[in-house]
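Engineer: Dumping the structure here so I can ask a few things about it.
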Amino acid sequence: MGLVGVQGDGNGEMALSLGSKNKYKRMDSELSDDFEDDASHHHHQLERKKSTRKYVLACAIFASLNNVLLGYDVGVMSGAIIFIQKDLKITEVQEEVLVGILSIISLLGSLAGGRTSDVIGRKWTMAFAAIVFQIGAAIMTLASSFEVLMIGRVLAGVGIGFGVMIAPVYIAEISPTVDRGSLTSFPEIFINLGILLGYVSNYAFSGLSVHINWRVMLAVGILPSVFIGFALFIIPESPRWLVMQNRVEEARSVLLKTNENDTEVEERLSEIVAAAGISNGEKNEEKAVWRELLSPSPSLRRMLITGFGIQCFQQITGIDATVYYSPEIFHDAGIVNKSKLLAATVAVGVTKTLFILIATFLVDRVGRKPLLYVSTIGMTVCLFTLSISLAIVGKGQLGIAMALLCVCGNVAFFSVGMGPVCWILTSEIFPLRLRAQASALGAVGNRVCSGFVAMSFLSLARTITVGGTFFLFSLFSALSVAFVYKLVPETKGKSLEQIELLFQNHNEWDGSEMELGDAQHLVHKA
């Protein structure tokens, strides 16, 4: 009989049998089990990463739906106003007021939005914005006079003000640091998508009767806000707002859904709790938010100058005039046919939408500041060239080609940097306890400048010509280059809490950024 558990290996040597009942295991079997465990863990991490990114992406998309309303209104009004003039027999001054009032009134929504979002939450503020806009859009659609149309316009403006202010704040607060820039640019993407839809709507319904076509154009704007109701069942509340309400466990639950690993969740939660001024579940005594904003510390003053300034420069460079009055610009260049005018505006909308996608791809790779440089310099060149073309080249095929090229170039450069990065910065740079209301102040600056430009463009163009008006815009654009260089820091790759430290250590932007960047790098290495 042979030895039990021993068998030949075919070379005259004996080997230990590895039967299933044997208590001994081979070394390579152990390694194989470890490898399988590692592979399983890695697979689980990949699955969680994919799931997390899909969830955060869905939240960013749904939160941005209100911005479609603003974009659609801007785009559709550029064409609808042509037919409103004919149907309701409004004057040029009434036209300017009708176009510009939305931006002015929306600042009321933005101002109220900061406080409202701190009381009822970011999520329900978005819902409120959609409801107010729907009521306003419905009134505009059924308006039989200029006065009724203005009532609807005012309500729509308030709704848009709420939506524009809250979306970037919500997305910045819910996004992982590595993707925050790209995701926070979504509201600007949706504004551009709305503008394009507005232009397409103008072109599609322009063939209807004058009494009907503009009403249909405005009514279509109600549809995007309907989807916001469905979004409320999907998106969570901001974890940072939950911490401010001392609902820390709920905040942890949201962070677990929006971050890829548990360690990062705890780190982020600790940072948020510290930033919110909560210790052992108790809120520290602080000055009222508005009192702190009105008498800011040196670091907060720098934040306010940066946030408010970049918002104002976004509008005083004339982007809303370019979009609202593109038919007038092309008419001044020599396009007379209404269908061709509206088709040219569609080309502007397509360009604006395509280039915002480029910004989304680059903002977390290249950084905020390089994109702002490309954007502001490019806009300055396009605006200056457009002013020269309209003033010197005049009407004709060359004038039309130059105008179309410069307008498309201007909106392209705007979309690459100034458009999205402006909102990204104002949602990133303020401390948690002040973020909503300080961002609201920035949005107010944006809306005031937008309204001023929209309401004065026609009068200014009559006084100093369209070419002269765009020369003025080019000067403001040149000033924005200097503003970016001097007062805007790079925030790429930094948590919201680290950005607050960046402003506190503002001896020199470059030096401060390098120190923070090195610190982050060392933490990751460790």
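Engineer: Starting from the Cα of ARG301, step 7 Å toward the Cβ, then list every residue of the stretch 456-500 with an amide N under 19 Å from that point.
Structural biologist: Of the residues in the stretch 456-500, 486-489, 500 have backbone N under 19 Å from the label point off ARG301.
Engineer: Another question, if that's okay. Kirkwood-based Rg over Rh for the stretch 408-471 (C-alpha set), two decimals? Before the final figure, lay out the partial values.
Structural biologist: Details: Rg = 15.5 Å, Rh = 13.9 Å.
Computed over Cα atoms, the ratio is 1.12.
Engineer: What is the projected area of the convex hull of the Cα atoms of the stretch 371-433, averaged over all directions, in nm²? Numbers along the way, then the final one.
Structural biologist: On the way: hull surface 18.7 nm².
Averaged projected hull area, Cα only: 4.7 nm².
Engineer: Another one. Work out the charge dipole of the stretch 49-235 with +1 on the Cβ of Lys and Arg and -1 on the Cβ of Asp and Glu about the Cα centre, then indicate which of TYR72, GLY121, ALA138 is farthest towards its positive end.
Structural biologist: The residue sitting most towards the positive pole is GLY121.
Engineer: For the stretch 170-283, build the convex hull from the C-alpha positions and give me its volume per residue in Å³. If you can, show how the numbers build up before the last one.
Structural biologist: Numbers: hull volume 14.3 nm³, N = 114.
Expressed per residue, the convex hull around the Cα atoms of the stretch 170-283 is 125 Å³.
Engineer: Can you list the HN-Hα couplings for the stretch 490-495, worked out from phi with the Karplus curve (6.51, -1.76, 1.60; θ = phi - 60°), rounded to whole Hz and with x for Gly and Pro?
Structural biologist: 8, 10, 4, x, 9, 5
Engineer: As a quick test, which of the pairs LYS89/LYS338; LYS49/LYS123; LYS49/LYS352; LYS338/LYS395; LYS86/LYS352; LYS352/LYS492 have an alpha carbon distance above 20 angstrom in this structure? Walk me through the numbers on the way to the answer.
Structural biologist: Numbers: LYS89/LYS338 18 Å; LYS49/LYS123 24 Å; LYS49/LYS352 32 Å; LYS338/LYS395 16 Å; LYS86/LYS352 29 Å; LYS352/LYS492 24 Å.
Flagged as over cut-off: LYS49/LYS123; LYS49/LYS352; LYS86/LYS352; LYS352/LYS492.
Engineer: What accessible area, in Å² to the nearest ten, does a 1.4 Å probe give for CYS449?
Structural biologist: Surface open to solvent at CYS449 totals about 20 Å².
Engineer: Okay, next question. Note down the Stokes-Einstein diffusion coefficient of the stretch 280-416 in µm²/s, whole number, using a Kirkwood radius over alpha carbon pairs, 37 °C, and 0.692 mPa s.
Structural biologist: Values: Rh = 17.4 Å.
Translational diffusion coefficient: 188 µm²/s.
Engineer: Work out from phi, with θ = phi - 60° and the Karplus expression 6.51 cos²θ - 1.76 cosθ + 1.60, the ³J(HN,Hα) of each residue of the stretch 314-320, listed in order in whole Hz, and give x for Gly and Pro.
Structural biologist: Going residue by residue, I get 4, 9, 6, 7, x, 5, 5 Hz, with x marking Gly and Pro.
Engineer: What are the ³J(HN,Hα) values, in whole Hz, obtained from phi via the Karplus relation 6.51 cos²θ - 1.76 cosθ + 1.60 with θ = phi - 60°, for each residue of the stretch 352-359 in sequence order, with x given for Gly and Pro?
Structural biologist: So the J values, rounded to whole Hz, are 4, 6, 4, 6, 5, 5, 5, 4.
Engineer: Further question: Can you grab the distance from the C-alpha centre of the stretch 254-271 to the C-alpha centre of the stretch 443-507, Å, no decimals?
Structural biologist: 35
Engineer: Okay, next question. Evaluate the distance, in nm, between pseudo-label points positioned 7 Å from the Cα of LEU108 and of LEU256 along their respective Cα→Cβ axes.
Structural biologist: Going from the LEU108 label point to the LEU256 one covers 4.4 nm.
Engineer: Starting from the Cα gyration tensor of the stretch 234-275, take the square roots of the eigenvalues, sort them a ≥ b ≥ c, and report rounded, prolate or oblate (rounded when a/c is under 1.5, otherwise prolate if a/b is larger than b/c, else oblate).
Structural biologist: Working: a/c = 2.11, a/b = 1.06, b/c = 1.99.
Oblate, because a/c is 1.5 or more while a/b does not exceed b/c.
Engineer: On to the next question. Once the Cα gyration tensor of the stretch 293-504 is diagonalised, what are the square roots of 5 times its eigenvalues, in whole Å and ordered largest first, as equivalent ellipsoid semi-axes? Provide the component values of the computation, followed by the final result.
Structural biologist: Values: eigenvalues 228, 60, 38 Å².
Square roots of five times the eigenvalues give 34, 17, 14 Å.
Engineer: What FRET efficiency, computed as 1/(1 + (r/R0)^6) with R0 = 51 Å and r the Cβ-Cβ distance, is obtained for THR465 and LYS50, rounded to the nearest 0.05? Don't skip to the answer; put the middle values down first.
Structural biologist: Details: r = 55 Å, r/R0 = 1.09.
It comes out at approximately 0.40.
Engineer: Could you list the trypsin sites (Lys or Arg not before Pro) in the stretch 346-443 that lie in coil according to DSSP, counting only those with at most 15 other Cβ atoms within 10 Å of their Cβ?
Structural biologist: Details: sites: LYS352, ARG365, ARG368, LYS395, ARG433, ARG435; in loops: ARG365, LYS395.
For trypsin sites (Lys or Arg not before Pro) across the stretch 346-443 that sit outside H, G, I, E and B with at most 15 neighbouring Cβ atoms in 10 Å, the list reads ARG365, LYS395.
Engineer: If one computes the Cα centroid of the stretch 78-92 and of the stretch 128-202, what distance in Å separates the two points?
Structural biologist: When both Cα centres are located, 22 Å separates them.
Engineer: If DNA, RNA and ligands are ignored and the probe is 1.4 Å, what is the ranking of ARG252, ARG153 by accessible area, most exposed first? Numbers along the way, then the final one.
Structural biologist: Working: ARG252 60, ARG153 0 Å².
My answer, sorted largest first, is ARG252, ARG153.
Engineer: Note down the net charge around PHE414, summing +1 for each Lys or Arg and -1 for each Asp or Glu among other residues with Cβ under 10 Å from its Cβ. Working shown, then result.
Structural biologist: Values: positive: LYS352; negative: GLU188.
Its environment carries a net charge of 0.
Engineer: Amide H neighbours of ASP364 under 5 Å, at least 5 residues apart or on other chains, H built in the peptide plane: list them.
Structural biologist: SER182
Engineer: Please work out how much length the chain gains when fully extended from GLU497 to ALA219, using 0.36 nm per residue of separation minus the C-alpha to C-alpha distance, in nm with one decimal.
Structural biologist: On the way: separation 278, 0.36 × 278 = 100.08 nm, distance 4.25 nm.
The span from GLU497 to ALA219 would gain 95.8 nm if fully extended.
Engineer: Same structure, new question: For the stretch 49-235, take every pair of Cα atoms, bin their distances at 10 Å starting from 0, and report each bin as a whole percent.
Structural biologist: Binned Cα distances yield the sequence 10, 38, 32, 15, 5, 0.
The values are calculated or read from the model by the stated rules, or taken from the named source; none is laboratory data. These figures come from a predicted structure and were not determined experimentally. Because the Cβ atoms are built from the backbone with ideal geometry, glycine has one as well, and the counts that use them run over all protein chains shown. Accessible surface is based on the protein model in full, side chains and every heavy atom, while ligands, DNA and RNA are left aside. Shrake-Rupley method; radii C 1.70, N 1.55, O 1.52, S 1.80 Å.
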